[in-house]
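Participant: Mind having a look at this structure? Questions to follow.
The values are calculated or read from the model by the stated rules, or taken from the named source; none is laboratory data. Bear in mind the structure is a predicted one, so any value in this text is a computation, not a measurement. Please note: Cβ atoms are built from the backbone with ideal geometry, for glycine as well, and neighbour counts cover all protein chains shown.
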């Protein structure tokens, strides 16, 4: 079951956003609820099933959805709470809308959480702001992505990587070892056809900046 999680970063319309499979469940994390109006304007209207958080960043947002209110002093971000609600309601695939372009600490924490969910639980997770996309890559979760030629693709090593193989790009790799934080795998170029990525060890985040029409 696909769940959309509305979080507080940037969200712009794009052909890839329009092509997303429609969700069975939508959960808004505090100020991420403002994206609901944008989705409606872009013809992606879908009811929000739960609105979760401490509501410290949703001033001026009006949304007809059941609220789950948490104290500001808590051990999880609002995005984590929203993800937990979605998983408790049976979500097997998460799409985090608004994942990029907000506060750096929140965006990085969300990306690392996505990697952890994929690595530990096998959870399928997509991060997107409409114009930027990301997917966790672990040894147990290789990727095969349909990406248009010309897109910029990076493999961000969030640990030391062993045996990274990458195809469908200008600079492919076969069984390469990449150190944590290396720039070696940043700003590759998609050549067309499916992009495949796999690892023998470690964890990474694959990001894509598609070439968008003017």
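Participant: Among the residues of the range 140-175, write down those that are surrounded by fewer than 16 Cβ atoms within 10 Å (Cβ to Cβ) and more than 25 Å from residue 123 (Cβ to Cβ).
Facilitator: Result: 148, 149, 150, 170, 171, 172, 174, 175.
Participant: Still on this structure, I have one more. Within the range 30-45, which residues are more than 16 Å from the chain's Cα centre (by Cα) and assigned to a helix (DSSP H, G or I)? Explain how you work it out, then say what you get.
Facilitator: Taking the range 30-45 and keeping what is more than 16 Å from the chain's Cα centre (by Cα), we get 30-31, 33-34, 36-45.
Correct list: 30, 31, 33, 34, 36, 37, 38, 39, 40, 41.
Participant: Related question: So residue 27 passes all but one of these: (1) outside any strand (DSSP E or B); (2) crowded, with 18+ Cβ neighbours inside 10 Å; (3) touching a helix residue (DSSP H, G or I) at 6+ places or on another chain (Cβ under 7 Å). Which condition number does it fail?
Facilitator: Only one criterion is unmet by residue 27, namely (1).
Participant: Under 16 Å from the mean Cα position of the chain (by Cα) and within 14 Å of residue 33 (Cα to Cα) - does that describe any residue in the range 67-79? Before the answer, list the steps.
Facilitator: In the first step, residues of the range 67-79 are kept if they are under 16 Å from the mean Cα position of the chain (by Cα); the result is 77-79.
Subsequent filtering for residues that are within 14 Å of residue 33 (Cα to Cα) retains 78-79.
Yes; the residues of the range 67-79 include at least one that is under 16 Å from the mean Cα position of the chain (by Cα) and within 14 Å of residue 33 (Cα to Cα).
Participant: Still on this model: Exactly one of these conditions fails for residue 76: (1) at pLDDT 90 or above; (2) under 20 Å from residue 100 (Cα atoms); (3) surrounded by fewer than 16 Cβ atoms within 10 Å (Cβ to Cβ). Give me its number.
Facilitator: (1)
Participant: For the range 117-134: of the residues being part of a strand (DSSP E or B) and surrounded by fewer than 23 Cβ atoms within 10 Å (Cβ to Cβ), which is modelled with the lowest pLDDT?
Facilitator: The qualifying residue modelled with the lowest pLDDT is 124.
Participant: Further, regarding this structure: Looking at 183, 101, can you tell me which residue is part of a loop (DSSP other than H, G, I, E, B), modelled with pLDDT under 95 and exposed (fewer than 15 other Cβ atoms within 10 Å of the Cβ)? Don't jump to the end; show me each part of the working.
Facilitator: On the way: 101 fails: exposed (fewer than 15 other Cβ atoms within 10 Å of the Cβ).
Being part of a loop (DSSP other than H, G, I, E, B), modelled with pLDDT under 95 and exposed (fewer than 15 other Cβ atoms within 10 Å of the Cβ) holds for just one of 183, 101, which is 183.
Participant: Of the residues 85, 52, 48, 61, only one is in a loop (DSSP other than H, G, I, E, B), modelled with pLDDT of 85 or more and surrounded by 17 or more Cβ atoms within 10 Å (Cβ to Cβ); which?
Facilitator: None of the other options fit; the residue is 48.
Participant: How many residues does the range 1-24 hold that are touching a helix residue (DSSP H, G or I) at 6+ places or on another chain (Cβ under 8 Å) and part of a loop (DSSP other than H, G, I, E, B)? Give the steps one after another, and end with the answer.
Facilitator: Going residue by residue through the range 1-24, those that are touching a helix residue (DSSP H, G or I) at 6+ places or on another chain (Cβ under 8 Å) are 3, 5-9, 11, 13.
Those left that are additionally part of a loop (DSSP other than H, G, I, E, B): 7-9, 11, 13.
Of the residues in the range 1-24, 5 are touching a helix residue (DSSP H, G or I) at 6+ places or on another chain (Cβ under 8 Å) and part of a loop (DSSP other than H, G, I, E, B).
Participant: Does residue 137 qualify as being without any contact (Cβ under 8 Å) to a residue 40 or more places away in the chain and either part of a helix (DSSP H, G or I) or buried (at least 18 other Cβ atoms within 10 Å of the Cβ) (or both)?
Facilitator: No: the conditions fail for residue 137.
Participant: Looking at (1) in the same structural domain as residue 18 (by TED's automatic domain parsing); (2) over 30 Å from residue 37 (Cβ atoms); (3) in contact (Cβ under 8 Å) with a residue 60 or more places away in the chain, can you tell me which one residue 96 breaks?
Facilitator: Here residue 96 clears every test but (2).
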